[in-house]
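Reading through the structure tokens given below for one structure.
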Amino acid sequence: MNYELAYSTFDEKERNAMYKIIQSDMFTMGKNVKAFEEEFALFFGKKYAVMVNSGSSANLVGVASLFYKKENPLNRGDEVIVPCISWATTYHPLQQYGLKLKFVDIDLETLNYDIEELKKAITPNTKMIVTVSILGNPNYYDEIEKVCEENNIILFDDNCEAMGAKYNGKFTGTSGLINTYSTFFSHHISTMEGGLILTDDYEIYCLCKSLRNHGWTRDQEPDSPIYEKKGDDFFEAYRFILPGYNVRPGELQGAIGLEQIKKLPDMLIQRRKNAQYFVSKFKDDKRFIIQKEVGESSWFAFTLIISPNSNLKRDSVFMALKKAEIGYRIITGGNFLEHDVIKYFDYEVTKSENASYAHNYGFFVGNSPQDMTKEIDLLYKTLKDL
Ligand SMILES: Cc1ncc(COP(=O)(O)O)c(C=O)c1O
């Protein structure tokens with residue numbers, strides 16, 4: 001492959017960190033995970049972080065916690081607004097917890113919510129809005145936060161694609177009651193597999209810690225508001241208070257995370273440099289719509305959507321990319337409504353034309369925190385003469 005979707009960012013630092021864990025012979029969740037959680041929360045200016053084994057698990061545990069909070073918990077049948085384009089596991093926990101989804105179309109340039117459509121979709125029944133900053137590009141958080149506050153709606157920010165992005169100088173993935181992150185390979189930092197929940201809400205934090213860990217009380221803080229200690233250590237050792245999961249990360253993930261978070265600022269700079277180059281190459285090519293940056297994107301990848309007035313065929317683009325050995329994918333899984341799994345959902349759609357257009361005419365190629373000039377040049381050359 002000449003242009004991969006993603007490249008490894010591990011070097012001696014991560015390898016040494018892993019080796020130390022191997023030497024310690026202590027692999028299950030412990031002090032490295034805790035230290036990484038603290039560093040991660042500090043970096044993003046939030047009070048609490050809970051690490052889990054994937055971004056998908058972060059969404060699952062995050063959604064679950066909202067059903068068990070004392071005040072205004074979510075209930076089965078509640079209405080949640082979601083964008084038509086996101087990753088499958090943005091939606092799956094919502095289905096699994098019996099929520100009713102209302103799909104709102106995206107803007108073809110930003111690839112996030114069409115903000116006017118989002119505002120129109122809100123009703124007195126709307127209990128939660130899920131935001132997803134597609135491929136690193138921030139949503140219009142000022143407007144979304146405002147409608148959430150005015151209407152007493154929970155903001156759940158699935159920030160799994162946008163670590164390090166900023167809107168109005170504020171990190172994405174910090175505005176929600178719950179904010180989720182993925183640290184899967186190819187994401188802005190990688191712990192091989194991994195994910196995190198960030199929140200400022202102590203009750204949510206305690207709920208998430210219990211839910212990731214069998215629903216037990218073992219690692220609750222002494223002042224946890226989610227249960228009352230009975231004082232019998234024998235029963236407390238295995239005491240279950242929530243229908244939870246085991247989605248813990250391991251110490252290897254925690255130790256790698258501690259190294260990767262140190263690299264994040266420089267990795268973001270390089271991703272943005274690559275993006276500048278990509279934009280300079282494609283901004284005047286009227287055959288394609290490229291993603292319009294809102295605020296400061298963290299540029300997970302680069303998108304190209306064939307313009308409605310171009311007669312270029314996506315299949316011929318794909319053939320050329322294949323021949324040049326350039327990796328490409330549908331944009332974040334495309335329009336979720338077009339996937340078979342939708343038959344299991346309780347949902348309505350306000351509008352989805354743009355999402356369908358991106359599904360049928362768009363694709364993305366990779367970005368990574370290394371100099372991508374050569375790869376972008378190859379892409380440019382490959383597409384230039386089609
Ligand atoms: C928006 C979004 N949410 C959730 C996830 C799931 O993350 P993971 O692959 O770590 O489970 C992804 C994965 O890329 C994603 O793009």
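Mind checking whether some residue in the stretch 229-242 is in a loop (DSSP other than H, G, I, E, B) and acidic (Asp, Glu)?
Looking through the stretch 229-242, at least one residue is in a loop (DSSP other than H, G, I, E, B) and acidic (Asp, Glu).
Suppose we filter the stretch 206-224 for residues that are in a loop (DSSP other than H, G, I, E, B), buried (at least 24 other Cβ atoms within 10 Å of the Cβ) and in contact with an Asp or Glu (Cβ under 8 Å, 6 or more places away or on another chain); how many remain?
Of the residues in that region, 1 qualify.
Sort out which residues of the stretch 174-187 are within 11 Å of the ligand (Cβ to nearest atom) and farther than 17 Å from Leu66 by Cβ, and write them in order of number.
The answer is Tyr181, Ser182, Thr183, Phe184, Phe185, Ser186, His187.
Yes or no: Asp157 of a type in the set (Asp, Glu), within 12 Å of the ligand (Cβ to nearest atom) and in contact (Cβ under 8 Å) with a residue 12 or more places away in the chain?
yes
Please determine whether any residue of the stretch 190-199 is at pLDDT 95 or above, under 25 Å from Asp266 (Cβ atoms), touching a Cys at 6+ places or on another chain (Cβ under 9 Å) and not in a loop (DSSP other than H, G, I, E, B).
Yes - at least one qualifying residue is present in the stretch 190-199.
Only one residue in Asp142, Asp200, Asp157 is among the charged types (D, E, K, R) and crowded, with 24+ Cβ neighbours inside 10 Å. Which one?
Asp157
Please determine whether any residue of the stretch 10-20 is out of contact with any Phe, Trp or Tyr (no Cβ under 6 Å at 6 or more places or on another chain), without any contact (Cβ under 8 Å) to a residue 12 or more places away in the chain, hydroxyl-bearing (Ser, Thr, Tyr) and open to solvent by 30 Å² or more (accessible area, probe 1.4 Å).
Scanning the stretch 10-20, I find at least one residue that is out of contact with any Phe, Trp or Tyr (no Cβ under 6 Å at 6 or more places or on another chain), without any contact (Cβ under 8 Å) to a residue 12 or more places away in the chain, hydroxyl-bearing (Ser, Thr, Tyr) and open to solvent by 30 Å² or more (accessible area, probe 1.4 Å), so the answer is yes.
So is Gly194 within 12 Å of the ligand (Cβ to nearest atom) and within 19 Å of His92 (Cβ to Cβ) or not?
yes
In the stretch 38-65, what count of residues is obtained for those that are surrounded by fewer than 24 Cβ atoms within 10 Å (Cβ to Cβ), assigned to a helix (DSSP H, G or I) and away from the ligand (no atom under 16 Å from the Cβ)?
6
Exactly one of (1) open to solvent by 60 Å² or more (accessible area, probe 1.4 Å); (2) within 23 Å of the chain's Cα centre (by Cα) is unmet by Glu71. Its number?
With (1) open to solvent by 60 Å² or more (accessible area, probe 1.4 Å); (2) within 23 Å of the chain's Cα centre (by Cα) applied to Glu71, the lone miss is (2).
Kindly provide the set of residues from the stretch 145-154 that are open to solvent by 60 Å² or more (accessible area, probe 1.4 Å) and not in a helix (DSSP H, G or I), ordered by number.
Asn152
Only one of (1) within 30 Å of Arg15 (Cβ to Cβ); (2) within 16 Å of the ligand (Cβ to nearest atom) is not met by Asn213, so which one is it?
Looking at each condition in turn, Asn213 falls short on (2).
What is the one condition in (1) within 13 Å of the ligand (Cβ to nearest atom); (2) over 28 Å from Tyr202 (Cα atoms); (3) surrounded by 24 or more Cβ atoms within 10 Å (Cβ to Cβ) that Leu135 does not satisfy?
(3)
The rows are residues; the columns are (1) within 14 Å of the ligand (Cβ to nearest atom); (2) outside any strand (DSSP E or B); (3) at pLDDT 95 or above.
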site: Val80; (1), (2), (3): no, no, yes
site: Thr89; (1), (2), (3): yes, yes, yes
site: His92; (1), (2), (3): yes, yes, yes
site: Gly98; (1), (2), (3): no, yes, yes
site: Lys102; (1), (2), (3): no, no, yes
site: Leu111; (1), (2), (3): yes, yes, yes
site: Lys119; (1), (2), (3): no, yes, yes
site: Lys127; (1), (2), (3): no, no, yes
site: Thr131; (1), (2), (3): yes, no, yes
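Okay, residues lined up against (1) at pLDDT below 95; (2) in contact with a strand residue (DSSP E or B) (Cβ under 8 Å, 6 or more places away or on another chain):
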residue	(1), (2)
Cys208	no, yes
Glu228	yes, no
Gly250	no, yes
Gly254	no, yes
Gln260	no, no
Leu264	no, no
Tyr277	no, no
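The values are calculated or read from the model by the stated rules, or taken from the named source; none is laboratory data. Since this is a predicted model, take the numbers as computed values, not measurements. Ideal geometry is used to build each Cβ from the backbone, glycine not excepted, and the neighbour counts take in all protein chains shown. Just the protein is used for accessible areas: all its heavy atoms, side chains included, with ligands, DNA and RNA removed. Shrake-Rupley method; radii C 1.70, N 1.55, O 1.52, S 1.80 Å.
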